[in-house]
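Here the structure is laid out as structure tokens; the discussion comes afterwards.
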Amino acid sequence: MPDVSSYASVLSFEDARHMVERHATLVHPVGTKTVDLLSAAGRVLAEPIIADRDLPPFPRSTRDGYAVRSEDVVYVPVALDLIGEIKAGEKAANLPATLVSGQTVSIMTGAPVPDGADAVVMVEYSSARGRRIELSRSVHSGENVVPRGVEARQGSVLVEPGRRLNEAAIGLAASVGKARVSVYKRPQVAILSTGDEIVDIESTPGSTEIRNSNSYSLAVQIEQAGGDPVRLPIAPDEPKKLRELVEEGLEADLLLMTGGVSMGRYDLVEQVLSDLNAEFFFTGAQIQPGRPVVFGKNVARTREMRRTYFFGLPGNPVSTMVTFELFARPMLQALAGVLPRPIMFVQAKLKSEIKIKPGLKRFLPAILTGEFENTQVELVQWQGSGDIAAVGRANCYIVIPEDRERLSPGEFVSIVLRW
């Protein structure tokens, strides 16, 4: 029986994250389907959205006012002949003839600017004198006008495949007449909680048992990341049944296991995976919470077997949630067709001092408060990686570098917003 510890590797956070990102570039989305446009909201686009004409399709006024030749209003006040009016949606046949020197046209926001005009004077700077309009403000060429095609040219890509379709992307698709779009199917993500101490949430736990909260928190995270969770039965600390459930989980597009990945006597997950000919890429990351996280892939021994990536996430609830976001999410999103993107931290001012033992990069639950430019962040009081209530109160994580043992009030620190 192979000894997992003989090839186990504990990586820095950065190296572990990059390892996952590299493997995420090797997977392919699980398939596509065509859906109605509104049903595509929140899904991942599988085809480019193409402009079917120039956007805007005509030079468009951005103000109510008067379309002019800018050279006619260099010196103001000036009176120009009013020759017509253009409303938004005006048909081309109803547009006035080309504007010549000394003429102007009343124009509404969103209306097409007539030929010969190159700017719009806002109505606030005008006064009517019969059929003549006196203008009291100069404009430069192009002022208050959006040129034809400046937003997009016909045939150009408006939304690339791999983008999650938010309200702006849905609006763009609608603007080019896409009533139905092709989206990627959601990957099936198996969730396997392990341990004799875990019981179903409807059970009354014994004095040393806990309810299976991890399956439910992970299911939510999976759905938010674009996957379909498949909750498996709880696996006991018994190799035969554990192996059966792991094999079932490896039939999914991605397998997430919680618990059983630390150094305890009954932590059997790594050994079962090793017996199944799994390849381990790392068996720990230098972070808190979540140090004993495992990442690997099932190595198919026959052509029919699937080659499925898996993560072994620590069983403590906070560790499970953090390691999913830091490591499992990019792999799941790659399977869902999402374009790869690096993890990004933002900065906030620390409210209270933090003292910590150096050596691990820490992602600690915190609360970001304040508004506008006056935001501050401070740690939530928590009792370690089993304190799920602390994460419930938090809206971000403070990121503490591994070489720091004290952070001072008022200094800017890196944070990761809750996903």
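Before moving on, here are some points about what is shown:
- Cβ charges +1 (Lys, Arg) and -1 (Asp, Glu), total dipole of the stretch 346-417, debye: 180 debye
- Helical contribution to [θ] at 222 nm, DSSP H n ≥ 4, -39,500 (n - 2.57), averaged over the chain, rounded to 500: -5000 deg cm²/dmol
- Dipole in debye (nearest 20) - the chain, about Cα centre, beta carbon charges: Lys, Arg +1; Asp, Glu -1: 580 debye
- Assigned charges on the beta-carbon of Lys, Arg, Asp, Glu; the stretch 40-92 dipole about Cα centre (debye): 240 debye
- Entry note: the stretch 346-417 has Rg to Rh equal to 0.94, where both radii use alpha-carbon atoms and Rh is the Kirkwood radius.
- Percent of beta bridges antiparallel (DSSP, the chain, rounded to nearest 5): 65 percent
- Largest-first principal axis extents of the Cα set of the stretch 60-146 (Å): 32, 25, 21
- Phi-derived couplings, Karplus 6.51 cos²θ - 1.76 cosθ + 1.60 at θ = phi - 60°, listed residue by residue for the stretch 63-76: 9, 6, x, 9, 6, 9, 8, 4, 5, 7, 10, 5, 10, 10 Hz, with x used for Gly and Pro.
- Ordering Asp52, Asp36 by the number of other Cβ atoms within 10 Å of each residue's own Cβ, fewest first, gives Asp36, Asp52.
- Entry note, the stretch 346-417: relative contact order of 48 percent, from Cα contacts under 8 Å with a spacing of 6+ residues.
- Alpha carbon centroid spacing (whole Å) that separates the stretch 273-295 from the stretch 27-74: 45 Å
- Rounded, prolate or oblate (a/c below 1.5 giving rounded, otherwise prolate when a/b exceeds b/c) for the stretch 249-395 by Cα gyration tensor: prolate
- For Lys241, a cut-off of 30 angstrom between C-alpha atoms picks up these lysines, skipping any fewer than 8 places away in its own chain: Lys297.
- Taking every C-alpha pair closer than 8 Å and separated by at least 6 residues, the mean separation divided by the residue count of the stretch 308-383 gives a relative contact order of 21 percent.
- The H on the amide N of Gly116, modeled in the peptide plane, is under 5 Å from the matching H of Leu99, each at least 5 residues off or on a different chain.
- Seen through its C-alpha gyration tensor, with square-root eigenvalues sorted a ≥ b ≥ c, the stretch 190-298 comes out rounded because a/c lies under 1.5.
- Relative contact order (%) - the stretch 199-352, alpha-carbon pairs under 8 angstrom, separation at least six: 22 percent
- Put simply, when 121-128, 286-293, 408-415 are sorted by average Cβ atoms within 10 angstrom per residue, most first, you get 286-293, 121-128, 408-415.
- Once the Kirkwood radius over Cα pairs is known for the chain, the Stokes-Einstein relation at 10 °C and 1.306 mPa s delivers a diffusion coefficient of 62 µm²/s.
A short reminder: the numbers here are calculations on the coordinates, not readings from a lab. All values derive from a computational prediction rather than experimental measurement. Because the Cβ atoms are built from the backbone with ideal geometry, glycine has one as well, and the counts that use them run over all protein chains shown.
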